[in-house]
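Trainee: Below: one structure in structure tokens.
The values are calculated or read from the model by the stated rules, or taken from the named source; none is laboratory data. Predicted model only: the values in this text are computed from it and were never measured. Counting neighbours? That spans all protein chains shown, and the Cβs are built from the backbone with ideal geometry, glycine included.
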């Protein structure tokens, strides 16, 4: 299948960075990456020199795994960003941040983007009062995103809201946690988006 569904903590260890793929374990400081911050396998602690291509490929993999998208979706985001005026890498990240599953995650309704994607595909998310079950749906500034009334008591949603109350939310969303809805107030500037990805290398890889 196009989307990776294997052990996600091995991916973080292999890429050498916390991608937020494990929600509660990561926030509790119990993630495998924090305990063993080196690549998995017998030779995981060996230092290896990576080529320029390897560095570019690694950054692309980070973005794909973190946002939970396929290669086809990644290429589509790059091409759309490249067709617009401005910094291609910055625009590409902004487009990925507007995905509905990512917005649900940023609003604190899910502890991971994977769970946010499940909420969306299973019909638990509404945009401006209408059910939307497409994770790649692009949320526009001013749109209201909410969890369906019957799903607001979902234990995982409740727990996610508790966890994000401790860590804080993104500055470009305005959330009412009691009513479990939020407004996507604006498209964030790249410097506001704290992710361990150097999009410049992804652009270099795709522009070859």
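Trainee: Do we find that residue 60 is modelled with pLDDT under 80 and out of contact with any strand residue (DSSP E or B) (no Cβ under 6 Å at 6 or more places or on another chain) in this structure?
Mentor: No; evaluated as a whole, the condition is false for this residue.
Trainee: Take the conditions touching a strand residue (DSSP E or B) at 6+ places or on another chain (Cβ under 6 Å) and either buried (at least 18 other Cβ atoms within 10 Å of the Cβ) or part of a helix (DSSP H, G or I) (or both) and apply them to residue 75. Does it pass? Reasoning before the result, please.
Mentor: Numbers: touching a strand residue (DSSP E or B) at 6+ places or on another chain (Cβ under 6 Å): no; either buried (at least 18 other Cβ atoms within 10 Å of the Cβ) or part of a helix (DSSP H, G or I) (or both): yes.
The answer is no for residue 75.
Trainee: Sticking with this structure for a sec: Condition test on residue 94, is it under 15 Å from residue 188 (Cα atoms), touching a helix residue (DSSP H, G or I) at 6+ places or on another chain (Cβ under 9 Å), in contact (Cβ under 8 Å) with a residue 24 or more places away in the chain and in a helix (DSSP H, G or I)? Lay out the reasoning, then the answer.
Mentor: On the way: under 15 Å from residue 188 (Cα atoms): yes; touching a helix residue (DSSP H, G or I) at 6+ places or on another chain (Cβ under 9 Å): yes; in contact (Cβ under 8 Å) with a residue 24 or more places away in the chain: yes; in a helix (DSSP H, G or I): yes.
Answer is yes for this residue.
Trainee: With segment 108-208 as the region, which helices (runs of 4 or more DSSP H) entirely inside it contain at least 3 residues that are farther than 30 Å from residue 86 by Cα and either in the same structural domain as residue 68 (by TED's automatic domain parsing) or touching a helix residue (DSSP H, G or I) at 6+ places or on another chain (Cβ under 9 Å) (or both)?
Mentor: Once the helices (runs of 4 or more DSSP H) in segment 108-208 are filtered for at least 3 residues that are farther than 30 Å from residue 86 by Cα and either in the same structural domain as residue 68 (by TED's automatic domain parsing) or touching a helix residue (DSSP H, G or I) at 6+ places or on another chain (Cβ under 9 Å) (or both), what remains is 113-121, 155-167.
Trainee: Still on this structure: Scanning segment 167-180 for residues that are on the phi < 0 side of the Ramachandran plot and within 19 Å of the chain's Cα centre (by Cα), which turns out surrounded by the fewest Cβ atoms within 10 Å (Cβ to Cβ)?
Mentor: Looking at residues that are on the phi < 0 side of the Ramachandran plot and within 19 Å of the chain's Cα centre (by Cα), I get 167.
Trainee: Right, another one. Looking only at segment 122-157, filter to residues that are out of contact with any strand residue (DSSP E or B) (no Cβ under 8 Å at 6 or more places or on another chain) and surrounded by 14 or more Cβ atoms within 10 Å (Cβ to Cβ); which one of those is nearest to residue 192 (Cα to Cα)?
Mentor: Selected residue: 156.
Trainee: Hey, can you tell me all the residues within segment 112-121 that are free of Cβ contacts under 8 Å to residues at least 60 places away in the same chain and crowded, with 21+ Cβ neighbours inside 10 Å?
Mentor: 116, 117, 119, 120, listed by residue number.
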